[in-house]
Amino acid sequence: MTHTPVVTSVETSRRERWSWGLGSGVVVVLGFVAILVSDHRFFYLDDTESGAVGNWLALGRLLREGQFLPLVTTQWMAGNYPVEGQGGLWNPVQMIVNLISPSVDDLALLAAVVKIFFAVVLAIGVYRVALEYGSRPSWAAVAATATPFAGFTLFFEQPSWVTSLIGMAWVINAWASAVRYARGTSGPLPVFAFLYLAISVGYVHAALMAGVAAGAVMIGEYLRARALMPVLRLGAVSIAAALCGAVTFLPGVLTSGVTWRSGAEGTLNDNFLVVPWSETFSASLPSAVTSMQSWSGETTTAPVTYVAWFLVPAMAFVDWRRVPTVVRELSGPLIVLGALLLYTAGPSDIGPIRWPGRLLPFVAVALLIIAAVLLSRFGTLRGLRGRLTAAGVITGVLLVRALSSGPQLAGRHLLSVVFVVVLGGVVVAVFRARRTTAATALLMVSVIPVALYQVHNYRPVLSEWDFPSSQQQARAEFPDWTGTTLQLGDRALSDRSPEEATDRWRAQVYGNYAKVLDLDYVSAYTPVGHEAFAELLCVAYEGTTCTDAYRNVFRPDVYTGRTTADLMLLDRVVVQKAQYPMWRQMPVPRGWRWVDVPRPQSDQVAVLERVDGPVSTQEGTVSATVNADVEPVRSSDVDETLRVSSAAGGSVIFARLAWPGYTATLNGQPLQTKGLGDTFLYVDLPPGTTDADLELTFRPPGFRLGLAAMGAGIVVLLGLVVLDVRRRFSARPQSAARSSATGPSAL
């Protein structure tokens, strides 16, 4: 927007790029630290506290024990981590997070540090992409700084959906590296690394966006340069990353037939997290709530479609007559933006892919990158009076849109307009005074007070579980119930009064709270589930059960004569008194008894335990036999060896879910595995079996195929590396000749 001195030194240019990039990272850290200081639990809400952090802890402990592809049988439908997908089992950065997590007592601080780190990674990625498309470093830094504070990111991903945040951070960096690789300024390794990290996070939207970004770059670079080979090379490295990342998703896809994901509903639109295009006019007013339907109702009571206060008004200061000259150069970001606008406007469900509003953070990224490039190249103050008038009209439209979505917040909207007008005027005045650095720095820093205002004036869109944030405190206040425990209760009934809200986590577990406590509970968080098991105990994704669960737990199975509790090798059943107020009158199964529970736990739960002590401590997981004798030899969660005999033929039933991926052999010969009621794993022994070796093994479905695909991907990558080295080597003599011809002045 003002005269910028021409850079005459390569070192000066490099220093400028590094300075602005570092500055954007510093502002992002300062902004989120300010939020953390004002609200210690801001980064520890909803899915982060109920799901993600518990998984980090559990997977970290398992990884320290050497379990790389863990199956935890006692967690039942939530313990098949390769199928869960989002644990980052194949993601080296997530593995580091998992390894560190058990050593951090303050889980709210742990979540904050991880999220702030990835917010910086995201900002750096946006900065890099903007530079590649021709933005000045200062404007690229403005876009980079604003991105992590965009509304959906601030109110959904930062407090809750950490996996989405991590995936987006890697995708945007892959985008930048893809542009550099296509243009010959970088090799295949960086783009491969970022694409692989994005895919192996295990978040399907991140994997899809990795493909969209790579495809957009290929199309955009072909339109820009009309050269096919760079596009083919980028396509090849993208395929290599996809092949290497396939092992992350194959177990989930090949297991989906027995999970909640088996019945894909097809394509439909119920408007949930669908974002109408009119929300564009909510992008620059910090107070504007959105008409997007979410958990808070028809209107989401937070500025989740906000992007940056200056974004829309700043378009009045672009010389639009010159913009068509760079449309081809900007085709990559424009393709990304166009695809995102189409997707986020609906439908709400495309098979198992749902809630298109999840990609709003990518919309913000694309808008900010395009704006940074346009303002860098075509920003102008010529005809200032007309441009100020246009900016004022735009701000008025923003106000009208905000009033239509949230008329009850009219006072806030008016104050927001005053803020945008006053600060916008100051920024324009600074630009007019030819102080570009000061003006863009002011834009960068301004995101912090806006974010603080939004955080303090709008309630979280997602739920607050209020787990104790200290591992030590959580364990100290919870009974040391060893063995395998099943909890029967309803989370909605756990905080009916302030007293229960304070004490509920001293006796009850929902979500992944048992993983925080490092206790063996059936109850755990799962977005995947096991359909037959969930129906058996009517258990929901976070461990809630219905009142029929008590009867089903102690109902005998027709084939074995054993109860569900016996088949699961349960040691204890914890009953929520709020769900079972007549618990004293409920029938007590044979071999079980009510035990005394100290206060305050006894105010919430009653506890049944086995009279003869725990059964989960036995060797192996055999829970019943029919006409068979078994002797355990060796057992772990992923394999088991037994010595078996059955004169007339019989069955061996295991306290394991009948997940796809189990194989069995009898004296080395394959034996079919089955599901008792589609739930409990069992095998039939042929007549005449005497002292035979029964071996049971679990490997995630698609594991071998995934490894083969990974091998193929690595081969493709190595070939691309060789080609890139040869290309660079052959280009050196030409580069040296050009340098000799131009002489020292070329520097």
Cβ pairs under 6 Å, 6+ apart or interchain, first in segment 194-212 and closer than 13 Å to F249 by Cβ, second among the basic types (K, R), ordered by first then second residue, are H205/R358
State whether one or more residues within segment 467-479 are over 29 Å from the mean Cα position of the chain (by Cα), assigned by TED's automatic domain parsing to the domain that holds D596 and within 21 Å of W592 (Cα to Cα).
yes
I'd like the full set of residues that are closer than 30 Å to R704 by Cα, assigned to a loop (DSSP other than H, G, I, E, B) and modelled with pLDDT of 90 or more, limited to segment 256-293.
T259
Against the condition under 30 Å from V326 (Cα atoms), exposed (fewer than 13 other Cβ atoms within 10 Å of the Cβ) and more than 27 Å from the chain's Cα centre (by Cα), how does R385 come out, does it pass?
yes
Of everything in segment 673-693, what is buried (at least 18 other Cβ atoms within 10 Å of the Cβ) and farther than 18 Å from W659 by Cα? Give them in sequence order.
L685, T689, A692
Restricting to segment 321-344, what's the tally of residues that are out of contact with any helix residue (DSSP H, G or I) (no Cβ under 6 Å at 6 or more places or on another chain) and within 14 Å of E279 (Cα to Cα)?
2
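Mind telling me which of the residues R555, R506 ends up being among the basic types (K, R) and surrounded by fewer than 18 Cβ atoms within 10 Å (Cβ to Cβ)? It would help to see each step written out before you state the result.
Details: R506 fails: surrounded by fewer than 18 Cβ atoms within 10 Å (Cβ to Cβ).
Criteria check complete, one pass: R555.
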For segment 217-235, state whether one or more residues are modelled with pLDDT of 95 or more, closer than 20 Å to S177 by Cα, touching a Cys at 6+ places or on another chain (Cβ under 9 Å) and assigned by TED's automatic domain parsing to the domain that holds W161.
no
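With respect to R590, is the statement that it is part of a loop (DSSP other than H, G, I, E, B) and not β-branched (V, I, T) true?
It is true that R590 is part of a loop (DSSP other than H, G, I, E, B) and not β-branched (V, I, T).
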Of the residues that make up segment 698-708, is at least one modelled with pLDDT of 95 or more, in a strand (DSSP E or B) and surrounded by 12 or more Cβ atoms within 10 Å (Cβ to Cβ)?
yes
Hey, could you check segment 437-459 for residues that are surrounded by fewer than 19 Cβ atoms within 10 Å (Cβ to Cβ) and not hydroxyl-bearing (S, T, Y) and say which is nearest to T300 (Cα to Cα)?
R459
Checked against (1) within 20 Å of the chain's Cα centre (by Cα); (2) surrounded by 16 or more Cβ atoms within 10 Å (Cβ to Cβ); (3) not assigned by TED's automatic domain parsing to the domain that holds R377, F118 satisfies every condition except (3)
Per the list (1) more than 23 Å from L250 (Cβ to Cβ); (2) in contact with a helix residue (DSSP H, G or I) (Cβ under 7 Å, 6 or more places away or on another chain); (3) β-branched (V, I, T), residue check on V716 breaks on (1)
Can you work out which of the residues in segment 640-672 that are without any contact (Cβ under 8 Å) to a residue 40 or more places away in the chain and within 34 Å of the chain's Cα centre (by Cα) is farthest from T73 (Cα to Cα)?
T663
Do we have any residue at all in segment 110-132 that's in contact (Cβ under 8 Å) with a residue 60 or more places away in the chain and outside any helix (DSSP H, G or I)?
no
Q579 passes all but one of the listed conditions (1) outside any loop (DSSP other than H, G, I, E, B); (2) under 33 Å from the mean Cα position of the chain (by Cα); the exception is number (1)
Pull up segment 661-676, narrow it to residues that are among the small types (G, A, S) and part of a strand (DSSP E or B), then point me to the one that is farthest from L642 (Cα to Cα).
G675
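Do we find a residue being under 27 Å from T344 (Cα atoms), buried (at least 18 other Cβ atoms within 10 Å of the Cβ) and either of a type in the set (A, V, I, L, M, F, W, C) or not assigned by TED's automatic domain parsing to the domain that holds G338 (or both) anywhere in segment 258-271?
Quick first cut of segment 258-271, residues under 27 Å from T344 (Cα atoms) only: 259-271.
Going one step further and asking which of them are buried (at least 18 other Cβ atoms within 10 Å of the Cβ), we end up with 259, 261.
Checking which are either of a type in the set (A, V, I, L, M, F, W, C) or not assigned by TED's automatic domain parsing to the domain that holds G338 (or both) leaves us with 259, 261.
Scanning segment 258-271, I find at least one residue that is under 27 Å from T344 (Cα atoms), buried (at least 18 other Cβ atoms within 10 Å of the Cβ) and either of a type in the set (A, V, I, L, M, F, W, C) or not assigned by TED's automatic domain parsing to the domain that holds G338 (or both), so the answer is yes.
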Could you run through segment 611-624 and say how many residues are in contact with a strand residue (DSSP E or B) (Cβ under 6 Å, 6 or more places away or on another chain) and free of Cβ contacts under 8 Å to residues at least 60 places away in the same chain?
4
Which one of the conditions (1) surrounded by 20 or more Cβ atoms within 10 Å (Cβ to Cβ); (2) modelled with pLDDT under 95; (3) not in a loop (DSSP other than H, G, I, E, B) does L486 fail to meet, given that it meets all the rest?
(2)
Counting only residues in segment 274-323 that are of a type in the set (D, E) and touching a strand residue (DSSP E or B) at 6+ places or on another chain (Cβ under 8 Å), the one surrounded by the most Cβ atoms within 10 Å (Cβ to Cβ) is identified as E279
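Among the listed residues A534, A524, which satisfies the condition of being under 21 Å from V83 (Cα atoms) and part of a loop (DSSP other than H, G, I, E, B)? Before the answer, list the steps.
Working: A534 fails: part of a loop (DSSP other than H, G, I, E, B).
Within the list A534, A524, the selection yields A524.
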Within the set of pairs 6+ apart or on separate chains, which have a first residue in segment 368-391 that is closer than 22 Å to V447 by Cα, a second that is part of a strand (DSSP E or B), and C-beta atoms under 8 Å apart?
L374/V318; L375/V318; G379/V318
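The values are calculated or read from the model by the stated rules, or taken from the named source; none is laboratory data. It should be emphasised that the depicted structure is a prediction, and the values quoted were computed from it without experimental measurement. A quick note on method: Cβ atoms are made from the backbone with ideal geometry, for glycine too, and the neighbour counts reach across all protein chains shown.
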